[in-house]
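Only one structure is covered here, and it is reproduced in the block below.
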Amino acid sequence: MTDKVHVIGGGLAGSEAAWQLAQKGVPVVLHEMRPVRPTEAHKTDALAELVCSNSFRSDDWETNAVGLLHEEMRRAGSLIMTAADQNKLPAGGALAVDRDAFAGDVTAALAAHASIEIERGEIAGLPPADWDSVIVATGPLTSPALARAVQSHTGEAELAFFDAIAPIVHFETIDMDICWRQSRYDKVGPGGSGADYINCPLDKDQYDAFIDALLAAEKTAFKDFESTPYFEGCLPIEVMAERGRDTLRYGPMKPVGLTDPHRPDVKPYAVVQLRQDNALGTLWNMVGFQTKLRHGEQVRVFRMIPGLGHAEFARLGGLHRNTFLNSPKLLDESLRLKADPRLRFAGQITGVEGYVESAAIGLLAGRFAAAERLGLSASPPPPTTALGALLAHITGGHVSADEGTARSFQPMNVNFGLFPPISVPRQPRGKGPRSGKSFERKRAMANRALADLDRWLSTPTSVAAE
Ligand SMILES: Cc1cc2nc3c(=O)[nH]c(=O)nc-3n(C[C@H](O)[C@H](O)[C@H](O)COP(=O)(O)OP(=O)(O)OC[C@H]3O[C@@H](n4cnc5c(N)ncnc54)[C@H](O)[C@@H]3O)c2cc1C
């Protein structure tokens, strides 16, 4: 008989991973600590409980990367997507669900599966040595005892308990007639060219208007259990601005070591820098711009920055209680801990963000663990698919300019900026969101993704040479 795989955490990722394993005939023990031990956010003992919103976001696979991820997961036999579709509520283009019926269906399907055993109780340390295949899917609120054990196993700095997210901009929406590429003092640095940053210049009036808008903008509040996680090196920009009008000009917006080639005679009063965030060069993060501003306010205020007037954001900033690994450094391409391959990770703890993305990484972890148990090879999904692009982000696609010093990997939702670019023929001008070049580009990427996914799903897995 095939040996059991242990899945720790019966949330979005763990439930999907257990389902994928069981559907391949691999027996699973799913360990969920609720109701024996609660978390600060869950309210029930149901598996796959949605802790906050009841929305899986856009269901439009042609123009939205999360909608595409829904469709790919459906094609890969996802339990989470089946339960979501069975319990959907009217919500325009979004997939919203009846949360209790959704979680009830997931719990019932897992409980009824002949290959799944559900054990209620906390795994309060590293899994016993005789569990030779484990998926850790304990989420943003991983219990402290397990988190401490993982942290001492991976290294103090490699597991974070808060995220500090700076916004990320799609490169093609940055106005390079205003911005320019240059590293401070043209420093080349490891792997650099001396022109690694994109710089946005502000004059005094623009800086003053920006600071005023920042100070007046609406902020989000921390939840009760999220005691304020500010570290001096990582303050939200609005907190820095509150400390003095010039604090940002002497901090992340300092204008030194930079010359604007569009106006070489004018010294900028302040400069916002963007740093490349993925290997493809399609995404750029705003350096030092971690923030608690409301999302709508971020778009409004950050578009005041010269060169970002039409910026489209792949991710907006935030600071939250979280638990996530420095995955690009620690995990291999099948989500195993390089230093201890019996342990695989899945869900939000790998550095993805959101219900759907967490479940998607659970789906992949389940398939990888099943292939390994069955002696089959498991190739990762192509990077042109939403599943593959998300996996590449957490296991290798992220670029860290600070490699070897500070970690810069931060959680991310799926978005088209993670996909390899695609060229589309020039489009006639159209009206509305479903016309024009951006729409055609997303549609082309989505069609490429589904064709590549279907090929990947239909490829017969081969027996690995042991
Ligand atoms: C307060 C809050 C609000 C959020 N709101 C949203 C939102 O509106 N939309 C959205 O898309 N995402 C939201 N998220 C993110 C959301 O948590 C994740 O997207 C998703 O639930 C993560 O899935 P997961 O499976 O990784 O973790 P979870 O769904 O949290 O599942 C982890 C499971 O592991 C269990 N567990 C933890 N430690 C142990 C242990 N040691 N032993 C056994 N079991 C254990 C937990 O009880 C839990 O059931 C929110 C997160 C938080 C914390």
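The values are calculated or read from the model by the stated rules, or taken from the named source; none is laboratory data. Everything quoted here is computed from the prediction, not taken from an experiment. As a convention, Cβ positions derive from the backbone with ideal geometry for all residues, glycine included, and neighbour counts pool all protein chains shown.
Can you tell which of Leu330, Leu337, Leu308 is in contact with a Cys (Cβ under 8 Å, 6 or more places away or on another chain), away from the ligand (no atom under 13 Å from the Cβ) and aliphatic (A, V, I, L, M)?
Values: Leu330 fails: in contact with a Cys (Cβ under 8 Å, 6 or more places away or on another chain); Leu337 fails: in contact with a Cys (Cβ under 8 Å, 6 or more places away or on another chain).
From the options Leu330, Leu337, Leu308, the qualifying one is Leu308.
Output the residue which, of all residues in segment 175-204 that are within 27 Å of Pro328 (Cα to Cα) and aliphatic (A, V, I, L, M), is surrounded by the fewest Cβ atoms within 10 Å (Cβ to Cβ).
Going through segment 175-204, the residues within 27 Å of Pro328 (Cα to Cα) turn out to be 181-184, 187-199.
After this cut, where a residue has to be aliphatic (A, V, I, L, M) as well, the list is 188, 195, 198.
On the way: Val188: 11, Ala195: 13, Ile198: 23.
Step by step, filter segment 175-204, then rank; the result is Val188.
With among the hydrophobic types (A, V, I, L, M, F, W, C), under 25 Å from Phe368 (Cβ atoms), away from the ligand (no atom under 11 Å from the Cβ) and surrounded by 14 or more Cβ atoms within 10 Å (Cβ to Cβ) as the only criterion, which of Ile116, Ile123 stands out? Break it down into steps so the answer makes sense when it comes.
Details: Ile123 fails: away from the ligand (no atom under 11 Å from the Cβ).
When all the criteria are applied, what remains is Ile116.
Could you please let me know if Ala241 is among the hydrophobic types (A, V, I, L, M, F, W, C) and surrounded by fewer than 17 Cβ atoms within 10 Å (Cβ to Cβ)? Break it down stepwise before answering.
Values: among the hydrophobic types (A, V, I, L, M, F, W, C): yes; surrounded by fewer than 17 Cβ atoms within 10 Å (Cβ to Cβ): no.
Considered against the rule, which asks whether it is among the hydrophobic types (A, V, I, L, M, F, W, C) and surrounded by fewer than 17 Cβ atoms within 10 Å (Cβ to Cβ), Ala241 comes out as no.
Considering only segment 300-418, give the helices (runs of 4 or more DSSP H) lying wholly within it that have at least 1 residues that are of a type in the set (Asp, Glu) and crowded, with 24+ Cβ neighbours inside 10 Å. Steps first, answer last, please.
On the way: elements: 327-330, 355-373, 386-392.
Per the criteria, 355-373.
Here is a list: Gly257, Gly244. Which entry is more than 24 Å from the chain's Cα centre (by Cα) and closer than 30 Å to Lys223 by Cβ? Steps first, please.
Values: Gly257 fails: closer than 30 Å to Lys223 by Cβ.
Going through Gly257, Gly244 in turn, just one is more than 24 Å from the chain's Cα centre (by Cα) and closer than 30 Å to Lys223 by Cβ: Gly244.
Criterion first (in a helix (DSSP H, G or I) and within 27 Å of Asn415 (Cβ to Cβ)) does Gln273 satisfy it?
On the way: in a helix (DSSP H, G or I): no; within 27 Å of Asn415 (Cβ to Cβ): yes.
No, not satisfied.
Are there any pairs with C-beta distances below 6 angstrom linking a residue in segment 361-384 that is basic (Lys, Arg) to a residue that is assigned to a helix (DSSP H, G or I) and crowded, with 19+ Cβ neighbours inside 10 Å, with the two at least 6 apart or on different chains, and if so which?
Arg367/Gln20
Give me the pairs, please: first residue somewhere in segment 129-153 and on the phi > 0 side of the Ramachandran plot, second residue anywhere and near the ligand (Cβ under 9 Å from one of its atoms) and among the small types (Gly, Ala, Ser), beta-carbon distance under 7 Å, and either six or more positions apart or on two chains.
Within 7 Å, the pairs are Gly139/Gly9; Gly139/Gly11; Gly139/Gly347.
Any idea how many residues of segment 126-138 are out of contact with any helix residue (DSSP H, G or I) (no Cβ under 7 Å at 6 or more places or on another chain), within 11 Å of the ligand (Cβ to nearest atom) and not in a loop (DSSP other than H, G, I, E, B)?
Here is the first cut: in segment 126-138, the ones out of contact with any helix residue (DSSP H, G or I) (no Cβ under 7 Å at 6 or more places or on another chain) are 127-132, 134.
Imposing the further condition that a residue be within 11 Å of the ligand (Cβ to nearest atom) reduces the set to 127.
Within this subset, residues satisfying the condition of being not in a loop (DSSP other than H, G, I, E, B) are none.
Residues in segment 126-138 being out of contact with any helix residue (DSSP H, G or I) (no Cβ under 7 Å at 6 or more places or on another chain), within 11 Å of the ligand (Cβ to nearest atom) and not in a loop (DSSP other than H, G, I, E, B): 0 in total.
Look through segment 260-295, keep the residues that are closer than 19 Å to Ala241 by Cα and of a type in the set (Gly, Ala, Ser), and return whichever of them is surrounded by the fewest Cβ atoms within 10 Å (Cβ to Cβ).
Gly288
Determine the pairs where a residue that is under 15 Å from Met81 (Cα atoms), located within segment 346-357, has a partner that is of a type in the set (Lys, Arg) and more than 6 Å from the ligand (Cβ to nearest atom) with Cβ atoms under 7 Å apart, the partner being 6 or more residues away or on another chain.
Listed by first residue and then by second, the contacts come to Val356/Arg57.
Part of a loop (DSSP other than H, G, I, E, B), within 16 Å of the ligand (Cβ to nearest atom) and of a type in the set (A, V, I, L, M, F, W, C), is that true of Leu141? I'd like the intermediate steps shown before the answer.
Numbers: part of a loop (DSSP other than H, G, I, E, B): yes; within 16 Å of the ligand (Cβ to nearest atom): yes; of a type in the set (A, V, I, L, M, F, W, C): yes.
Yes, satisfied.
What's the number of the condition Ile422 fails, among (1) at pLDDT below 90; (2) over 17 Å from Leu69 (Cβ atoms)?
Only one criterion is unmet by Ile422, namely (1).
Restricting to segment 159-199, name every residue that is in contact with a Phe, Trp or Tyr (Cβ under 7 Å, 6 or more places away or on another chain), assigned to a loop (DSSP other than H, G, I, E, B) and of a type in the set (S, T, N, Q).
Listed by number, the residues that qualify are Gln182, Ser183.
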